[in-house]
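The values are calculated or read from the model by the stated rules, or taken from the named source; none is laboratory data. Because the structure is a prediction, the values reported are computed rather than measured. Cβ atoms come from the backbone with ideal geometry, glycine included; neighbour counts cover every protein chain shown.
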Amino acid sequence: MFSHIRPAIVLFVLLTLLTGVAYPLAMTGAAQALFPAQANGSLITKNGHIIGSSLIGQNFVGDGYFHGRLSATSGADPTDASKTISSPYNAANSVGSNLGPTSKALLDRVAADTAKLKAENPNALVPAELVTASGSGLDPHISPESALFQVPRIARARGLNEQQLQALIGVHTDGRWLGLLGEPVVNVLALNLALDAVGKP
Amino acid sequence: MTINGWIQILIYFALLTALTRPVGGYLYRVFNGERILLSRPLGWLERGFYRCAGVDSQTEQSWISYTLAMLAFNLVCFVALFLLLLAQGHLPFNPQGFGALTPDLAFNTAISFVTNTNWQSYGGETTMSYGTQMLGLTVHNFVSAATGIGLALALVRGFARRSASTIGNFWVDLTRATLYVLLPISIVAALFLIWQGMPQNLSAYTNALTLEGVKQTIAQGPVASQVAIKMLGTNGGGFFNANAAHPFENPTALSNFLQILLIFLIPAGLTNTFGRMVKSELQGWALYSAMSVLFLVGVATCYWAESQGNPQLTTMGISQPIGNMEGKETRFGVANSTLFATITTDASCGAVNAMHDSFTPLGGLVPMVNMMLGEVIFGGVGAGLYGILLYALIAVFIAGLMVGRTPEYLGKKIEAREIKLTMLAILCLPLSILGFTAVSSVLSQGLAGLANTGPHGFSEMLYAYTSATANNGSAFAGLTANTPFYNVTLGIAMLIGRFAFIVPMMATAGALAAKKYTPPSAGTFPTTGGLFIALLVGVIVIVGGLTFFPAIALGPIVEHLAILTGKAY
């Protein structure tokens, strides 16, 4: 055993220098040179301010904006830092709801949200994406059906006609990669930015 | 289920199968010491490492010496990582100013990364500094994977050699696996992932003011370099708490596809390396076929179950055209979430791109069963191969019993000593999984961690000890596991699952190497045909799985019946 101690320590130190220092720092350098936008978090700036990342969802609540998935993230209570409170789309603490399929808390939450959404658009079935929490709590996307479901509310809030909004959703729908991989999605932040460009709420 | 979903799954499987032989050939050449493309740029580094460490690369080790070297190295790894986590507050690359981990969390995390488990009691972006992610987690992702590859090669050498007393040199296997296999593939994969949108920076978290005027702090960091090896080394410990569900840790469908390909790449390739080492690639393809059958059955079951959606949501008038979306990301949908869940638990990876805790009862059963079978469906890098080879020994032993003949595998007579050692290794899994689950389900410290009640709560505990013992690392993550009770018991389960399996396995390797070659005769059971593959699958399911049936019945199966009758907890 003792004859193994020297190679164990020496190789551990050398491999640490190689894989824990040289490799990540070289990757950081290469990333900053080759793909600076992605490497720094795909940030979006507007009028010189960072308004978010194209990959990270935001907690849209206003009637005039498209809303994203439910988010189960939490954060420190601003009035009492020892407590945590619900803080949707907290991008410094990603987490899913982790509610099981037979959880009463899940079913109650879905029932409450469904009632609200049905009042908003009684003519369509409520899409699953709008009443379920995403895995990360930061999902930047919704399905095209979930965007279309919200059209009547936004049309009312902004005084726009529904066809115009449907066309906007069509433009901002990203299909599967090569028509094969993934699912068709709408980036909520990008869609809302486009919405603001059409007319203020 | 949709046609498109199945096409995605089949494209994945076809590409994996196509890559198995080239990867297997490359691994064979690397570990056989042949000249490869990278010998010129990296050979000097390899020789320099040996010189500094005082290792003679030409000298081989007995199984005992090889095992002791591996244990010594792992002990150094554990101590170094444990101390690093305790000293985090004083170390560089810590823009968020994270302090030390609690001792129990540091103990759990250090064991977790050394055993290639990567169970996440820690919270990624809320606990770990960039320095820890690079110097700690990334390093152990490399070396624990390299350790697994070395152990698998040692066992295969046991089969391939005749009347031999040595089974390779641990230091050489460790160094070559890191330099020529893990590092180059990780570099290419990391660049691809960055191109797809994964961050790679050392800046502090970004403060944004959202479109609606709310402050949003966006966690950043050297993500891609950690994630590339996290998948390739079947480690699975997330840079972020939400792991590969986090849009920064898995931005697109394409990054998702690459990540699941990385998980199976080396385990699949090693089946072919094994075939080449025992001079019959068909032997490797037989193992590949058995693994593939179990993989495809798993993914079909999981995909089907999740596609049904949650029946209780259907009765509320919710449209679930693609299935159960609680805990899943829109860009992955149900097909890619269930494919990922099956792959990550077949291999002992444990990364997740959807929350398994929110899967339907039968959808969540599949990951659990995959782990209970001992992580041999491709399995962890190296660990999958040595695991399934032990099952192969049991399979030929049972076949031998049926015809009343001394079993042989790859020209080696399988005798009482090997079977005893093999069973010792395999039985430590149910002992740890069922033992710890039973204990935690009667202790208040165990029950305190549950997020869900009823049968799903039991499943959370069962999943946790299964994942830890199988060195997987995924979770029914509602369980609050960052408590002294869970950190310590799960840590012990991880140690049992790794080392109580490895030591008897290595003793088997030594015993096999010493045996002389027995040429196949008319009575030898052929181990390349469909009969052997079917027998092997049967042994894995019956020997590996049946032990757990009563526990599964109390968790997912009861919950499935409950959901059908509209019960909630």
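Scanning segment B:7-36 for residues that are without any contact (Cβ under 8 Å) to a residue 40 or more places away in the chain and within 14 Å of chain A (Cβ to nearest Cβ) gives B:ILE7, B:LEU10, B:ILE11, B:ALA14.
Out of contact with any helix residue (DSSP H, G or I) (no Cβ under 8 Å at 6 or more places or on another chain), at pLDDT 95 or above and surrounded by fewer than 24 Cβ atoms within 10 Å (Cβ to Cβ) - does that describe any residue in segment B:264-276? Checking segment B:264-276: not a single residue is out of contact with any helix residue (DSSP H, G or I) (no Cβ under 8 Å at 6 or more places or on another chain), at pLDDT 95 or above and surrounded by fewer than 24 Cβ atoms within 10 Å (Cβ to Cβ).
Within segment B:476-534, the set of residues being farther than 28 Å from B:ALA72 by Cβ and among the polar types (S, T, N, Q) comprises B:THR480, B:ASN482, B:THR483, B:THR518, B:SER521, B:THR524, B:THR527, B:THR528. When B:LEU462 is tested against the conditions (1) away from every other protein chain (no Cβ under 14 Å); (2) surrounded by 22 or more Cβ atoms within 10 Å (Cβ to Cβ); (3) at negative phi; (4) hydrophobic (A, V, I, L, M, F, W, C), the lone failure is (1).
Please determine, by comparing only the residues of segment A:100-115 that are within 7 Å of another protein chain (Cβ to nearest Cβ) and in a helix (DSSP H, G or I), which one is nearest to B:ASP357 (Cα to Cα). By that ranking, first place goes to A:LEU106.
When B:LYS328, B:LYS279 are screened for being charged (D, E, K, R), surrounded by fewer than 24 Cβ atoms within 10 Å (Cβ to Cβ) and at pLDDT 95 or above, only B:LYS279 passes.
Of all residues in segment B:37-44, at least one satisfies being small (Gly, Ala, Ser) and either under 25 Å from B:PHE170 (Cα atoms) or within 14 Å of another protein chain (Cβ to nearest Cβ) (or both).
Taken together, B:ARG47, B:ARG51 contain a single residue that is surrounded by fewer than 17 Cβ atoms within 10 Å (Cβ to Cβ) and within 11 Å of chain A (Cβ to nearest Cβ), which is B:ARG51.
Among the residues of segment A:116-150, those that are over 30 Å from B:GLY124 (Cα atoms) and in a loop (DSSP other than H, G, I, E, B) comprise A:ASN121, A:PRO122, A:ASN123, A:ALA124, A:LEU125, A:GLN150.
The residues of segment B:54-90 that are hydrophobic (A, V, I, L, M, F, W, C), crowded, with 16+ Cβ neighbours inside 10 Å and assigned to a loop (DSSP other than H, G, I, E, B) amount to a single one, B:VAL55.
Could we say that B:VAL143 is assigned to a helix (DSSP H, G or I) and surrounded by fewer than 24 Cβ atoms within 10 Å (Cβ to Cβ) here? In short, no. Here segment B:209-233 is the region considered, the condition is being in a strand (DSSP E or B) and farther than 24 Å from A:LEU34 by Cα, and the residue that is farthest from the other protein chains (Cβ to nearest Cβ) is B:LYS215. Considering segment B:481-523, the residues that are over 21 Å from the mean Cα position of the chain (by Cα) and of a type in the set (D, E, K, R) include one that is nearest to B:LEU105 (Cα to Cα), namely B:LYS515.
Residues are listed down the side, and each one gets a yes or a no for (1) under 30 Å from B:VAL403 (Cα atoms); (2) among the charged types (D, E, K, R):
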| position | (1), (2) |
| --- | --- |
| B:ALA451 | no, no |
| B:ALA475 | no, no |
| B:LEU479 | no, no |
| B:THR483 | no, no |
| B:ASN487 | no, no |
| B:LEU490 | no, no |
| B:LYS516 | yes, yes |
| B:GLY530 | yes, no |
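Within segment A:117-131, being of a type in the set (Asp, Glu) and more than 9 Å from every other protein chain (Cβ to nearest Cβ) holds for one residue alone: A:GLU120. Residues that are crowded, with 16+ Cβ neighbours inside 10 Å and among the β-branched types (Val, Ile, Thr) number at least 3 in the following helices (runs of 4 or more DSSP H) confined to segment B:504-569: B:530-539. Figure legend. Inter-residue proximity from segment B:290-303: first residues under 14 Å from B:ALA14 (Cα atoms), second residues in a helix (DSSP H, G or I) and of a type outside the set (Gly, Ala, Ser), beta-carbon distance below 6 Å, spacing 6+ or different chains. Indicated pairs: B:VAL293/B:VAL537; B:PHE295/B:ASP346. The residues of segment B:111-140 that are within 9 Å of chain A (Cβ to nearest Cβ) and assigned to a loop (DSSP other than H, G, I, E, B) amount to a single one, B:GLY123. Evaluation of B:PRO184 against the conditions (1) in contact (Cβ under 8 Å) with a residue 24 or more places away in the chain; (2) farther than 17 Å from A:GLY20 by Cβ; (3) out of contact with any Pro (no Cβ under 8 Å at 6 or more places or on another chain); (4) more than 8 Å from chain A (Cβ to nearest Cβ) shows that the sole unmet condition is (2). Candidates B:LEU429, B:LEU434: the one that is surrounded by 23 or more Cβ atoms within 10 Å (Cβ to Cβ), in contact (Cβ under 8 Å) with a residue 60 or more places away in the chain and not in a loop (DSSP other than H, G, I, E, B) is B:LEU429.
Identification of helices (runs of 4 or more DSSP H) wholly contained in segment B:238-336 with 2 or more residues that are within 10 Å of chain A (Cβ to nearest Cβ) and closer than 30 Å to B:PRO22 by Cβ yields B:253-277.
Filtered by the rule that a residue be closer than 20 Å to B:VAL488 by Cα and touching a Ser or Thr at 6+ places or on another chain (Cβ under 7 Å), segment B:452-465 gives B:PHE458, B:MET461, B:LEU462, B:TYR465.
Comparison of A:ALA22, A:ALA76 shows that the only residue that is more than 7 Å from every other protein chain (Cβ to nearest Cβ), within 30 Å of B:LEU75 (Cβ to Cβ) and small (Gly, Ala, Ser) is A:ALA22. For segment A:35-64, filtered to residues that are in contact with a Leu (Cβ under 9 Å, 6 or more places away or on another chain) and more than 7 Å from chain B (Cβ to nearest Cβ), the residue that is surrounded by the most Cβ atoms within 10 Å (Cβ to Cβ) is A:GLY57.
A single entry from A:LEU148, A:LEU160 fulfils the requirement of being under 24 Å from B:THR210 (Cβ atoms), surrounded by fewer than 24 Cβ atoms within 10 Å (Cβ to Cβ), at pLDDT 95 or above and more than 7 Å from every other protein chain (Cβ to nearest Cβ): A:LEU148.
Only a single criterion out of (1) without any contact (Cβ under 8 Å) to a residue 12 or more places away in the chain; (2) more than 7 Å from chain B (Cβ to nearest Cβ) is not satisfied by A:HIS67, namely (1).
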